1. Among the listed pairs A:221/A:254; A:166/A:221; B:72/B:198, which have their C-alpha atoms separated by more than 30 angstrom in this model?
2. What FRET efficiency comes out for residue A:92 versus residue A:283 if R0 is 35 angstrom and r is the Cβ-Cβ distance? Round to the nearest 0.05.
3. Quick check on region A:306-369: what are the equivalent-ellipsoid semi-axes from the Cα gyration tensor, as sqrt(5λ), descending, whole Å?
4. Reachable aspartates and glutamates from residue A:356, Cα under 16 Å, same-chain residues fewer than 8 places away excluded?
5. Between region A:11-32 and region B:162-195, what is the C-alpha centre distance in whole Å?
6. If you take each beta carbon of peptide B:143-152 and count the beta carbons of other chains within 10 angstrom, what is the mean?
7. For residue A:222, list the lysines whose Cα falls under 20 Å from its own Cα; do not include residues on the same chain fewer than 8 positions away.
8. Per-residue counts of other Cβ atoms within 10 Å, averaged by peptide: what ranking do you get for A:107-117, B:126-136, highest first?
Amino acid sequence: MLNIVKIALRNLLRYKRRTLLTSLLITIGVLAVLLFSSITGAFKSLMVGQITDSMLGHLQVHKRGYVASIDNLPLHMNLRPKEMETIEKVLDALPEVEAYSPRIKFGGMFSNFEETTNIRLNGVDPEQEILTAPLLPKRMLQGAAGDALLRPGEILVPELLARGMKVKLGDTVVIVATNRDGSVNAQTLTVRGVLEGISGPGGRDGYIHIKDARTLLRIEKKEANEYAVRLKKADDLDKVHAELSAAFAGELNKEGKPKYEIHTWEKLSPFYNIARMIDVMTFFIKVMLIAIVLVSVMNVMIMAVFERMKEIGTIAAIGTRPGKILALFLVEGLSLGILGSAAGTLFSLAAIFALKVNPLSFDFGRQKGLVLSPTLDVNEIMIASVLVVLVSALASLQPAFKASRMEPVTAMRQV
Amino acid sequence: MSGKSLSEQEGLNSVPNAAARISTEATITRDPAEVRVGSAAGTGEEKAMSLVESKDLTKTYQAGEVEVKALKGISFAIEPASFVSFVGPSGSGKTTLLNLVGCLDKPTSGQLRVVGTDVATLGRAEGATFRGRNIGFVFQDFNLIPVLTVFENIEYPLLMVECCGARERRERVETLLEAVGMADQKKKFPSQISGGQKQRVAVARALVADPKLVLADEPTANLDHETAFMVINLMKSLKKERKTTFVFSTHDPKIVGEAEIVYTLEDGLVTNLEDRRAGHA
Ligand SMILES: Nc1ncnc2c1ncn2[C@@H]1O[C@H](COP(=O)(O)OP(=O)(O)O)[C@@H](O)[C@H]1O
Ligand SMILES: [Mg+2]
């Protein structure tokens with residue numbers, strides 16, 4: 001075996017330029033796949049992280065039908081104290097759940113005493129909200145001192161609105177909202193912070209304390225219309241979704257349908273489709289890598305067999321079994337693949353390291369200067385390498401098989 | 001012919017000279033089995049077993065529409081430790097015959113036993129193993145493996161037959177390197193040595209696995225006269241030393257002179273058999 005590897009490697013060395021070109025091609029392919037998946041992976045996790053960690057949470061629980069009519073932020077689908085108790089009991093029992101935050105989402109009017117405009121607001125419990133959306137404080141462009149996210153009587157205003165309405169920190173503003181019965185109520189609040197807007201649903205919402213929301217909407221008891229849930233591990237998404245669905249399966253409404261609906265962030269954010277598209281692109285780049293490896297290795301190996309007919313005939317004549325001849329050419333093709341993927345991985349690591357030193361920043365929609373921190377996943381390296389090695393074995397199989405089936409006499413007659 | 005050498009080995013007294021009998025009776029081949037049984041009577045069947053036995057061997061090539069009858073019925077026997085040559089003009093069937101004996105090709109009809117095995121029964125992989133164990137080859141254009149050094153080329157058959165450990169391999173290769181006078185060149189690659197040197201390496205490679213039979217198809221055709229003689233004499237002395245049977249083909253009359261037993265091939269038939277040792281006996 002060792003001898004087969006030795007002969008295969010020496011044959012590769014014998015045609016240095018061809019070996020170099022072929023493995024360079026494979027190297028470039030591997031580099032493309034690894035860099036692309038690393039950078040898009042960084043982009044994806046940055047965006048997904050923003051979405052889940054500063055806004056949506058990983059999962060949300062609502063009353064059935066709420067998400068379908070979320071655009072008008074209905075109040076008649078609020079979760080009642082009993083229902084909230086049920087939901088919290090279920091969430092408390094799940095070990096995968098890190099935190100959850102009940103919210104009252106509603107629409108209202110925002111006035112700076114000169115002008116009035118529409119605003120969408122989240123009434124939240126600051127402590128629970130911070131645990132559930134830990135990146136929310138990071139979105140604060142300007143903020144008052146103190147570690148609390150929000151105190152009763154204060155409001156976090158979305159950036160665009162703040163700019164358009166020319167409100168500053170500490171300004172007093174009025175929020176007017178219609179409650180469930182159709183009557184109108186108003187409340188004055190102090191601007192505690194300005195929030196950076198991000199893409200996706202809820203990315204341009206304001207925040208007030210949940211107690212203020214209840215007062216404003218004249219809700220007497222504990223109520224909410226949304227539960228945002230944060231998981232310890234984002235990978236548990238589907239598992240927890242299934243567990244929650246199972247846990248709530250027994251809770252039926254009057255029509256005999258499930259009382260609650262559970263959505264993952266993927267269902268709530270349009271970014272999920274962008275992420276999917278990126279995955280599809282990664283897939284096609286991998287397909288291209290396969291094609292490159294297949295064609296180049298096969299080409300080289302067909303040439304190798306063709307050129308070395310006489311040698312093949314000779315070693316067959318002097319007692320090399322067909323299996324060994326097959327192995328010889330397989331190992332040769334395989335070595336090309338291994339060489340290429342090893343070089344590709346090395347170059348990718350170097351490129352990623354270079355990106356660490358000189359970070360890549362970009363703008364996405366209204367968000368400026370997002371910084372990517374690409375990393376190379378060991379899994380991705382493994383997948384790309386295994387792919388290349390497998391495909392190069394596959395590509396050498398036919399030429400190797402041909403070599404092993406050659407009649408020594410016929411083969412030796414060739415020049 | 002071959003029966004002679006066997007009887008000599010057995011220490012028997014002179015027996016009728018088979019070769020002489022054939023060549024005097026006719027220039028047509030005789031059934032060698034018949035000859036052998038007659039000449040080696042009393043030595044026992046197993047011991048009398050020839051290294052190569054051929055009976056009515058034919059080989060027909062299909063070249064497109066035309067059939068080429070390369071061998072038209074050849075019978076002979078080769079005994080262990082002999083130095084045999086097939087001579088004849090180009091196209092007489094020497095290569096075809098040696099390919100059959102070397103189990104590189106299958107006869108169209110007739111019988112061929114090599115080292116006790118009917119070659120027609122050997123499959124592709126079996127054939128390779130069989131050749132590796134029993135037959136050494138020396139080719140006209142040397143056919144060394146270009147990516148292996150002289151040492152590694154000689155070692156190669158040992159790795160293929162998986163005969164022995166690294167140390168024994170080394171010893172065997174060194175011994176042969178010494179025997180063919182190439183010890184000082186062992187680290188060179190084939191492209192760095194001359195034709196005569198290459199053929200000496202090839203002879204060493206053919207012998208390293210201790211085959212019973214070494215086949216050489218025109219081994220000197222690409223060498224100048226002096227070198228050709230050296231290579232033939234090398235084979236001859238190795239034959240003596242190791243009791244290996246050498247069979248080579250040539251159309252060079254001067255080289256033929258070195259052979260002990262000479263078959264003349266013409267147009268796919270053996271037309272003459274000469275046993276030079278008979279004269280000495
Ligand atoms: N593969 C082949 N296909 C067709 N004809 C062949 C083939 N090999 C040899 N022959 C023919 O068989 C005859 C004997 O050839 P060969 O054994 O090579 O003779 P030699 O080695 O004595 O020159 C020649 O007529 C040659 O043309
Ligand atoms: Mg010939």
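1. Numbers: A:221/A:254 22 Å; A:166/A:221 35 Å; B:72/B:198 34 Å.
Pairs exceeding 30 Å: A:166/A:221; B:72/B:198.
2. Numbers: r = 40 Å, r/R0 = 1.13.
FRET efficiency, residue A:92 to residue A:283: 0.30.
3. Values: eigenvalues 513, 24, 15 Å².
They are 51, 11, 9 Å, listed from largest to smallest.
4. A:377
5. 33 Å
6. Working: counts 8, 2, 8, 5, 11, 4, 1, 0, 0, 4.
The shielding value for this peptide is 4.
7. A:63, A:82, A:89, A:105, A:211, A:259
8. Numbers: A:107-117: 15.3, B:126-136: 22.0.
Most protected by this proxy first, the peptides run B:126-136, A:107-117.
Quick note: the coordinates plus some simple rules give every number you see, no bench work behind them. Since we're looking at a predicted model, the values are computed, not measured. Heads up, the Cβs are rebuilt from the backbone with ideal geometry, glycines too, and the neighbour counts pull from every protein chain shown.
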